[in-house]
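Below is one structure, written out as C-alpha cells; comments come after it.
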Amino acid sequence: MSQDILEQVGYLGLASRLKRLADRLQAEAVSVFDNRAYPIQTTHFPLIAALEASGPLSVSAAVEATGVSQPAITRIHNALQGMGLTDTRAVEGDNRQKEIFLTPAGQALIAEMRASFWPAVRDAAQQLCAFPDHDLLAEISLVESRLAEHPLSARIEHVANPAGLENVEFTDDLAPHFDRISREWVEEMFRLEAEDIAMIENPRAKVIDKGGTILFVRDPELGIIGTCALMPMEDGGVELTKMGVLSSARGRRAGDFLMRQILKRAREMKVQDLFLLTNSKCEAAIRLYEKYGFRHDAEIMRRYGHRYERCDVTMSYAMPTPN
C-alpha cells in the first residue's frame, strides 16, 4: 500500500491536508444535500447560519459574523436570491444601506433543516471528532485565534529570517558596500583578478546598466552586511556573482536570506540561463548553492570558466519556464 505523502510530511503539508479533509467533508455533505433534495450548497451555509442566528444583516455585518470575504458573501447571496431564499431591502432609517434577509421560502427551508437535518449533522460530526482528552473545535478556535494574532505567513518569515534581515536595492550610494564586501571575501582566500576589479569598482556599468541587478542585505543592528548580483552575459546567460557576507556578520543566516532574494529576483526577471562560477575552496558556499538547487555543470566551465583563474567549479540552476 502506498504511503500517504501528506501524512508523511507532517506539518509541512498542514494546509494541503486540512484542505483535503475539508474537500472530503464537503463532498459528503453535498451527497447528503442531494439525498434530501435541498437546493442549496454547502458553501452557502455560513450566510444562512448567520441570518438564522442574527436576522437581517448588512454585507459588512455578514462578513464580520462569518469571517468570509465580502465578494464571497455577495456571491452566496446572489445564488440564494436566485433561488428565492434571500433578498435585500433598505436598512430602516438609512436608505443608502441594504441588508440581506431570509424570504418566507428561506425561512421555511431553514425551519425544516433546523428540525431534522442540523441536529443529525451536529451529532454525526461530534461522533466523528470525539476524543477522550481534547476538544477538536476548541483547538480549531485556538489555531484561528493564533492566526488572527500572528498570521502563518508572518510566522514562516520569522522562522526563515529570525534576525529580521531586510532586502535593499542597489543605489550608487551603496556602491562602496559592494566594493568592501566583495573585496573582503575574495581576498580572504584568493587574490583579486581583473574581472573582480572591473566589477566591484564599476557595478553600475558592469551590472545595472546591462539589465542586471545588485541586492544587499541589511541587518537591523549592523547595517549592510552582504550583497549579491545577477550579471547578464552577451550570449543570454546570467551569472549569479559576488555573493558575500561580511565575516563579522556570519552566523545570522544572511547567506540563506540573500539566496532566497536573488533567486526570487531571477524568477521575476524571467532568467532562463542562470549559472555561477566558484572555487572548490569555497566549501560552505558550494554547500549553500547545492542546498538551494544548483547543480555542477561542466558545460558552464566550457562557456565561462576562463573568466577567472581561480574558477574550478561551475554550477547552473534550472529555472522554471515563463508563462
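Overview of values
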quantity	calculated
For region 225-323, diffusion coefficient by Stokes-Einstein and Kirkwood Rh (Cα), 20 °C, 1.002 mPa s, µm²/s	154 µm²/s
Solvent-accessible heavy-atom area per residue, rounded to whole Å², over region 236-315 at 1.4 Å	48 Å²
The chain: angle of helix 45-54 to the longest principal axis, Cα-based, in degrees nearest 10	50 degrees
Solvent-accessible surface ranking, highest first, for Ser2, Ser58 at 1.4 angstrom	Ser2, Ser58
Proximal charge balance of Cys311 [Cβ under 15 Å; K/R count +1, D/E count -1]	-1
Solvent-accessible area per residue for region 90-174 (1.4 angstrom probe, square angstrom)	74 Å²
Relative contact order [Cα under 8 Å, 6+ residues apart], region 192-254, whole percent	23 percent
Solvent-accessible area, 1.4 Å probe, carbon plus sulfur percent, for region 1-112	54 percent
Radius 15 Å from Cβ of Arg36, net charge of other residues (Lys, Arg +1; Asp, Glu -1)	-2
Quotient of Cα Rg and 2.2 N^0.38 Å for region 126-211, N being how many residues it contains	2.12
Order of exposure, largest accessible area first, which applies to Phe33, Phe45 with probe 1.4 Å	Phe45, Phe33
10 Å beta-carbon shell around Arg191, net charge (K/R +1, D/E -1)	-3
Cα-based radius of gyration of the chain once divided by 2.2 N^0.38 Å, which approximates compact folds	1.48
Measure of compaction for region 1-149 (Cα Rg per 2.2 N^0.38 Å)	1.23
Mean separation of Cα contacts under 8 Å (6+ apart) over length of the chain, as relative contact order %	9 percent
Probe 1.4 Å, all protein chains present, accessible-area order of Met315, Met269, largest first	Met269, Met315
Dimensions (Å) - region 176-239, Cα atoms, principal axes, largest first	40, 27, 17
Reach of Lys270 by Cα under 23 Å, taken over lysines that are not fewer than 8 positions away in the same chain	Lys206, Lys210, Lys242, Lys291
Degrees, to the nearest 10: 70-82 long Cα axis against longest axis of the chain	30 degrees
Nearest-10 value in Å² for the accessible area of Lys264, using the 1.4 Å probe	100 Å²
Protein accessible area in region 127-251, 1.4 Å probe - carbon and sulfur %	54 percent
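The values are calculated or read from the model by the stated rules, or taken from the named source; none is laboratory data. Model, not experiment: these values are computed from the prediction. Cβ sites come from the backbone with ideal geometry, for glycine too, and all protein chains shown count toward neighbours. These accessible areas exclude ligands, DNA and RNA; they are computed on the full protein's heavy atoms, side chains included. Shrake-Rupley method; radii C 1.70, N 1.55, O 1.52, S 1.80 Å.
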